[in-house]
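Take a look at the structure set out below.
Bear in mind that the values in this text are calculations on the coordinates, not laboratory data. No experiment lies behind these values; they were computed from the predicted model shown. Note that we place each Cβ from the backbone using ideal geometry, even for glycine, and neighbour counts take in every protein chain shown.
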Amino acid sequence: MKYFMKKLITLIMTLFLVSVAAFLAFQIIPGDVVTSILGTEATPEREEQLREELGLNKPPVERYLNWVTDVLQGDLGESYRFSRNMNEMMPVAELIGDKLPVTLWLAAVSLALIIVIAIPLGVLWARSSSHFLDAVLGVVTQASMAVPSFFLGILVTYLFGILLKFFAPGSYVSYQEDFAGFLKYLLFPALSIAIPKIAMTARFLRNSMLTEMQADYVRTAYSKGCTRQRVMYGHVLRNAMMPVVTFLGMIIAEIVAGSIVIEQVFGLPGIGRLLISSISTRDFPVVEILILYITFVVIFVYFLVDILYRVIDPRISEK
Amino acid sequence: MIRIEDLSVAFEDTEAVKHVSLELIDGEVLGVVGESGSGKSVTALTLMGLVADSAQITSGRVLFDDVVLREAGKPCDKALYRKYQGARMSMVFQEPMTSLNPTQRVGKQVEEMLRLHTDLRGEEMKRKVLEAFRSVGLREVEKVYSCYPHQLSGGMRQRVMIAMAVILHPRLIVADEPTTALDVTIQNQIIGLLREINQKQNNAMLFITHDLNLARRLCNRIAVMKDGEVVELGETEDIFQNPGEAYTKRLIEAVPSRMKRRRNIAAVRGMGEPAGSGLAGKLPTGRESEAEAGAGQERCAELERCTGQERCAELERCTGQERCAELERCTGQDGRNPILQVRNLSVYYRDGNNSLFSRREKQCVVSGADFELYSGESLGLVGESGCGKTSLSKAILGINKEVEGEITHTTLRPQMIFQDPYSSLNPSKTIGWLLMEPLRARAALDKAYAMTREDMEAAAYDMLHKVGMEDKYFHRKPSQLSGGQRQRVSIGQALITRPGMIVADEPVSALDVTIQAQIMELMQKLQQEMHLSYLFISHDINVVYQMCDRIMVMKEGRIIECGETEAIFHNPREKYTKLLLGNS
Amino acid sequence: MKKSGTGKWNKYLTAGLLMTGLALLLGIVGIFWTPYSTTAMSAAEKFDAPSLLHIFGTDNFGRDIFSRVMEGMGTTVVISTLVVLFSGSAGILLGALTGYFGGVLDEIVMRVTDAVNGFPSILLTLVIISILSSGRQNVILSLGIVFVPSYVRIVRSEFIRLRDADYIRRARLMGVGRMRILFVHILPNIFSVFWVSVMIGFNNAILAESGMSYLGIGVQPPDASLGKMLSDAQGYLRTAPWYALAPGLSIVWVVLGFALFSEGIRRRNERVS
C-alpha cells in the first residue's frame, strides 16, 4: 500500500512536469501567436486586443495556472485553424471528441490481436524442437521488424484490400453509423500495427521461456519426476511471463505511437491524423492538448503495469 | 542396491565420464570427490536421469535393483525414470536459492512431490509436508509452508530442499555439493542433518563434493574422480591413511592443514637448517624464532636474504649473535614494527541507492576495529560472509570513505588481490600492458618514478618470471589464460610497484584445490623475496592457518578474537571461534 | 577485425555488410549522379512497368523510379549518419560521465533519459518538429536529440557495471587518473556492446526519417526522400504497385542489412565471452 501511494505521488509529479514541459514548449518557446492568427496586416490595436483576450500579456506562471485550471475544467482551448462558424473558433475538446474513440478502438483491437496471437505463438515456439519452425519464425520476426509501419500498412492495403478484396481501401465506416462495419474496417489497420509487435512479443516470450528452462529450479522439478508438460506450464510459464508484462507495457506505448502513422495510411479520422495535420499547419493549441493526452495515456499505462507486476511477482511485493 | 557399471558419458566429442563403476547399498554414504570438471556432477546427473539430452551414453549402464534405468546407445527412457525420480531417488542441489521455484510457495513445491507420487490430496498432503519440515529441523513450519524461497535464509532453503528430497523416503539421495553455498556454521548443521536422515531412513546416499574434509566427516566410502575417471575407491579412513594414487595424495596435501603449513614455512625459511630437523615444527610463529636466533651464522645468512640488499652494508658492520638480534628487530619479525595501524575504526555503509526520494540510511558494518599489521607478517582475517571483513579491507585501502577512527600506514599505495581471477584483469588489454600500467600510473603521479618504456618492459618481464610465467604470455590477453594463471598475473600487477603491504581478499577461494595450493605457495615465496606484509582475508580457516602468522576472527562487524595462529587453533577463547574451527 | 582476434566472422556479418554496403553505395552515388534526371518528366513514359530500361519502372510523371530511389537513399544516408554521429557521441560522453561519477548530474540526466526512453520516440520528435517546423536541419536536430537517451542508457549501464569491476577498482588503487580510467580502461570494453546499439541506432534513424517524410513533416522538396515517394505512390497502388514497392523495399533492404549486421556483432560478442 505504501508502495502504491509512493507510485501515485510519482505519477502525479510526472504529470505535473509533463504539463509544465508542454506549456513551455507550446506557449512560451514559439513566441507570440497573435501574428500567426491575424497575419502581418493587422492593426496594432487589434493585436493588442487579441493579446488581451488570449491572456498573453500576463506573467508565465499565471498563464500556466490559468491554463491548467481551464484544462482541468474541460476547457481545452480553441483551435487556430478550424472554426465552428463565422465568428467562433472551434474548441479543441469538440474537435477531439469524436476522433478519440477511433484511436482508442484501434489501439484496443491491436492489443487484443497481439495478446491473442503472440502468447500462444511464443509458447509454441519455445516448446518446438523443430529447427524448421524455429528458422521460419526467426526470419519472419526479423523481417517484420525491418518493415516500416507505413510501408506495412501499404502492403496490407495492397494484399488484403486490392488483391484479395477483403476490405475496400479508403471506404471508412463511421462507428456512429455502423459499429460492426467500423470494427471490420479497423481490423486491417490494427493488423498492420500488430504484426511487428506480435513478432517481438512472441520472440521475447520465447527467449524468456528458454532462459527460464535453464534455471536450476527446472532441474529440481525434473528431479521430482515432473513431465516436460508439467515443468513448462506449472513452473516455467509463470516465471517467464513476468518480464513479458513489462514488455507489454512498452508495446502499448508503441501501439499509441504506431496508430499515429497507421491512421494516416488507412485514412482513419483519429487523433493521430489530427495531430499530424495540426503540426503541418502549426495549430499549437490542438498539438499541445493531443501530445499531453497521449503522454498521459502512456504514463498511466506504465503506472498500471507497475502495479500489476507487483501483484503477480511475489519477489517484489515484499517489504 | 544401486549400481553404475562401466559408465561413459560424452558431450559431442569430449568424454566427461569414462568407464565409471560405482555401487551403493542401503544405509551407506558414498562420497564422490573431485575438482571441477572431474565428471562427478555428470555422473550424478546421469544416475538421476537429469543429464542433458545432448549427452550420449557411450558405454555401461545404470541399474536400480536390477532394473536397467539407462543403457549405452539407448536414449533416456523418461517415462520409466519419472517413476523413480522423487519417489525412489531424489536429489539435493548446490544452490538452494535458485533450485527452488522463485514464484511458488515452498510448501506447494514440496507438495508437488506428493501430488506426483502419492494419492494424498488437500489437507493430508499439507500435514505430511509440515511433518517433513519439522523432521528437517525447521521451526514455525506453518509460516515456512506459505513462504516464497526468497523469504527464507540459505540454511532454511536447503532444509526445505532436503525435506522435499526425503519426504517419500527414497532409497537413494544424491547430494550435489549441498553445503558449498552455505556459511560454515550452517554447513555443519546441514551435514549433521544429512547424517541423521541417513541413519533414520537408512537410504543410500551419494555425496558429491570438492572438499575432502567434508567427505571424510560424512562418508563411509570415498571415490576420487579425476578427468572423468574414478582413480581411487575405498573406505574413507583407508584413503586418508594410505592414499594409493599420486593424485589422491595431492588432493589430501592440497587441503590446507597444519602439517602442510609447517612444511611450507620450513621450506622457505629452513635453507640453513638440517632437513627434517625438529626445529622446523617449532618455527611457524615469529616469537619462537627468538630461541632459534642462537642457531648461528646460517640463520643470519637467511635473514640477510629476506631483507634484501640494502641491509648488506649494515650487516657487514655487525658480527655474531648480536647482529642477528638486531636484524630481527629491523625486519619487524619480532621487533614489532607496524606497517599498518588501525585504531578504533568503524566503517559505515550507506543503504539503498542514491535517489532524490529515498533517504539513505547509514549502517554500521564494522565497529571498533583495533589492530596493527607488522612489517613482513601475514595477518589473517576470518569470518563468515557478511561479517564485515570486506568492508574493513575496503576502508583500509581507502575505497570506502565512510569511516570513523584512525588508519595509518607507512606504505605509499597498498595494493589488493581479489577473489575472482576472471574479473580482476581488464579483458581488453594484454598481460604486458596490465603489468606496466601500475608503473605508468605511478610515474604520472610522481615524476621521480618516471621510467623509460624499455625499463618498464624489463620490469614487467621480470615480474612475469617472478610469478612463475613464461615470456610468451606477455602479449596474450586475460581470456587466453587459466584461472590460476590470471591470479598469478593479478599478484604480479599488485606487486610490481613494490607496495610493501597487500590486502588479499579471498585470493584462492575461486580456485581448484591444487591450483589453490600453488598460488598460496607463490604468495609465501614472494612474501619472503620481497618482504611483504599480507592482510589475508578468508572464510576458510584452513587456508588462513596455512598462510598466516596471526589471526583475527570477525563476527558481526567486531573483531572478537586476535592472536598467534597456533594459539588460536589450540586454545580458541571464543565460542564462535571454536564453532568455526569445528569444521576442520 | 583482428586476425588473431577471439571473435569469428559469421554469416550475419557477411549478409549485413553486403546489404548495407550496396544500399550505402547507391545512396552516396545518388547524391552526385543518377542514371536519369530525377526531375525530367515524360508523359510518354508514364507508369512504365519495371523493364531493362527502367529497372524499377516509372512514376506518374514518367520519372525513373530507380534514380529517385537512389536520390532518396542519399538523403537517408546523410541524415541517419549525422543523427547517429550526434546522438552516439553525446551518448558516450554523457553516459560515461554519469555512469562513472554518479551524483547530481547522473540523477538529472537519468530522470530525463528515463522519461524520454519510456515514450515512443516519435512523440518527442513531433513536439520538436512542431515547434521548429519541418525541413532537413530540423529533422537531423530533432532526431539527434531524441536518440541521445538510448545511447546514454546503454553506455551508462556499461560504465556502472564496469565501475565496480575488480580491475577498475585496482586501477584506482594504483592511482590511475580518472580520465584515463574512463577512456583507456573502461571505454574499450564497452565498444562491443556499443556497436550493436549504433547499428540499431542507424535503423531507428532511417525508420524515423522516412516515417516523418511519409507524414509530410520530414524533409521538404526539393530534398528527395523515400517516405515522400511512398506517400505519393499510395494513390496509384492499383495502377502502379511498383511505384510503392520500390522505395518501400529499399527501406526494408537497408534496415534488414543493419539488423543482420548488429545481430552478427552480437553473436560475435557472445562467442568471445
Cα centroid of region C:205-273 to Cα centroid of region A:224-285, whole Å | 21 Å
Identify which of C:G91, C:G175, C:G27 has the largest mean-square fluctuation in a Gaussian network model of chain C, with springs joining Cα atoms closer than 10 Å.
-> C:G175
Restricting to region B:462-578, compute how many DSSP beta bridges are antiparallel as a %, nearest 5.
-> 55 percent
Using θ = phi - 60° and Karplus 6.51 cos²θ - 1.76 cosθ + 1.60, couplings along region B:398-406 (whole Hz; Gly, Pro as x) | x, 6, 9, 9, 7, 10, 10, x, 10
Dipole of region B:142-241 [Lys/Arg +1, Asp/Glu -1 at C-beta], most positive-end residue of B:H210, B:S153, B:T180 = B:S153
Quote the convex hull volume per residue of region B:179-255, based on C-alpha atoms, as a whole number of Å³.
-> 102 Å³
Kindly put A:H131, C:H185 in sequence by how many other C-beta atoms sit within 10 Å of each C-beta, fewest to most.
-> A:H131, C:H185
What span do the alpha-carbon atoms of chain A cover on each of the three principal axes, reported in whole Å from largest to smallest?
-> 87, 58, 32
Rounding to the nearest 20 debye, state how big the charge dipole of region B:1-145 is about its Cα centre with +1 on each Lys and Arg Cβ and -1 on each Asp and Glu Cβ.
-> 640 debye
Of B:K362/B:K401; B:K128/B:K200; B:K555/B:K578, pairs whose Cα-Cα distance is over 23 Å = none
Taking amide H positions as placed in the peptide plane 1.01 Å from N, state which residues far from B:I339 in sequence (5 or more) or on other chains have amide H under 5 Å from it.
-> B:L373, B:Y374, B:S375
Restricting to lysines and to Cα separations under 22 Å from B:K18, and discarding same-chain partners fewer than 8 apart, the set is B:K40, B:K74, B:K226, B:K249
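Give me the Å³ per residue figure for the convex hull around the C-alpha atoms of the protein assembly as shown.
It comes to 231 Å³ per residue, whole-number rounded.
Mind checking the dipole of region A:73-146: about its Cα centre, +1 per Lys or Arg Cβ, -1 per Asp or Glu Cβ, Debye to the nearest 20?
The calculated dipole for region A:73-146 is roughly 300 debye.
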Tilt relative to chain C, helix C:103-118 - C-alpha long axis, 0 to 90 degrees, to 10 | 30 degrees
List the aspartates and glutamates whose alpha-carbon lies under 20 Å from that of A:K7, not counting same-chain residues fewer than 8 positions away?
-> A:D306, A:D313, A:E318, C:E107, C:D114
Over chain C, the quotient of the Cα radius of gyration and 2.2 N^0.38 Å is 1.18
State the antiparallel share, in %, of DSSP beta bridges confined to the protein assembly as shown, rounding to the nearest 5.
-> 60 percent
Mind checking B:452-459 for the average number of partner chain beta-carbons within 10 Å of each residue's beta-carbon?
-> 0
Have a look at C:L123, C:T76, C:F101 and report the one farthest towards the positive end of the charge dipole of region C:1-136, computed about the Cα centre with Cβ charges (Lys/Arg +1, Asp/Glu -1).
-> C:F101
Distance from region A:134-211 to region B:407-478 (C-alpha centre basis), Å | 59 Å
Would you mind checking the tilt of helix A:44-54 against the longest principal axis of the Cα atoms of chain A, expressed as 0 to 90 degrees and rounded to 10?
-> 40 degrees
Nearby aspartates and glutamates by direct alpha-carbon distance to B:K525 (threshold 15 angstrom, same-chain neighbours under 8 apart not counted) = B:E302, B:E377, B:D549
If one computes the Cα centroid of region B:505-525 and of region B:195-250, what distance in Å separates the two points?
-> 23 Å
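Give me the inter-chain shielding for C:170-182: mean count of other chain Cβ atoms within 10 Å, whole number please. Can you show the working numbers first?
Numbers: counts 13, 6, 4, 12, 15, 9, 7, 3, 0, 0, 4, 1, 0.
That works out to 6 on average.
Please report, in debye to the nearest 20, how large the charge dipole of chain A is about its Cα centre when each Lys and Arg carries +1 at its beta carbon and each Asp and Glu carries -1 there.
2180 debye
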Which angle between 0 and 90 degrees, to the nearest 10, do you get for helix C:241-272 versus the longest principal axis of chain C when only C-alpha atoms count?
-> 20 degrees
Percent of all Cα-Cα pairs per 10 Å bin for region A:105-186, counting from 0 up to the last occupied bin, reads 15, 34, 34, 15, 3
Select from B:V166, B:P421, B:Q493 the residue farthest towards the positive end of the dipole of the protein assembly as shown; place +1 on Cβ of Lys and Arg, -1 on Cβ of Asp and Glu, and compute about the Cα centre.
-> B:V166
